[in-house]
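For reference, the structure discussed in these notes is given below.
The values are calculated or read from the model by the stated rules, or taken from the named source; none is laboratory data. Values in this document were obtained by computation on a predicted structure and should not be read as measured data. Using ideal geometry, Cβ is built from the backbone for each residue, glycine included, and neighbour counts are taken over all protein chains shown.
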């Protein structure tokens, strides 16, 4: 029995040695897995937040839609756009930004304003002669719209929209809106 106890004691010590080696080996693998997971998380976060975003296209589209809604909404022209005779009001042109709740001034120090809006009204489908035109913002951005360059990251982003609007029984206008967002440095980082 004593011999049996010694053999069992030796076996227990040998098993404990093997378990300690196994624990050390398991802890190395566990550490390696933690390092792989941590590196993966860092890479995913860097990929997601490290990429530059250019929101100028979306901003330009939203600006054009806001102008369109200001001019013609719910199947009717803005009541302040025409005078009692049915002609376009020049004072609407002067207070266009206020009437459409637009603010083109930015608190930062821009060398030139970051936005431009041009709204042209044509009687019917005749695009030769404008009936009325509204322009606001920096006209220097317009030249960027006509350039055919593959890398447009340092150019202004342009959006053109047009729609037909009915004023009265026989009076239909083609409304063309050009909205431009410059903000090259602010939106491409």
| Members of region 50-73 found to be in contact with a helix residue (DSSP H, G or I) (Cβ under 7 Å, 6 or more places away or on another chain) and in a loop (DSSP other than H, G, I, E, B), listed by number | 54, 55
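In region 42-76, what count of residues is obtained for those that are free of Cβ contacts under 8 Å to residues at least 60 places away in the same chain and either exposed (fewer than 10 other Cβ atoms within 10 Å of the Cβ) or on the phi > 0 side of the Ramachandran plot (or both)?
Qualifying residue count, region 42-76: 6.
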| request: Quick one: which residue in 92, 104 is over 30 Å from residue 168 (Cβ atoms) and touching a helix residue (DSSP H, G or I) at 6+ places or on another chain (Cβ under 7 Å)? | output: 104
| request: Working only within region 74-91, note down all residues that are within 18 Å of residue 123 (Cβ to Cβ), in contact with a strand residue (DSSP E or B) (Cβ under 9 Å, 6 or more places away or on another chain) and part of a loop (DSSP other than H, G, I, E, B). | output: 78, 81, 87, 89
| note | Within region 109-124, residues modelled with pLDDT of 85 or more and buried (at least 17 other Cβ atoms within 10 Å of the Cβ) come out as 115, 116, 117, 118, 119, 120, 121, 122
| When only residues in region 165-189 that are modelled with pLDDT of 75 or more and more than 18 Å from residue 118 (Cβ to Cβ) count, which is nearest to the chain's Cα centre (by Cα)? | 166
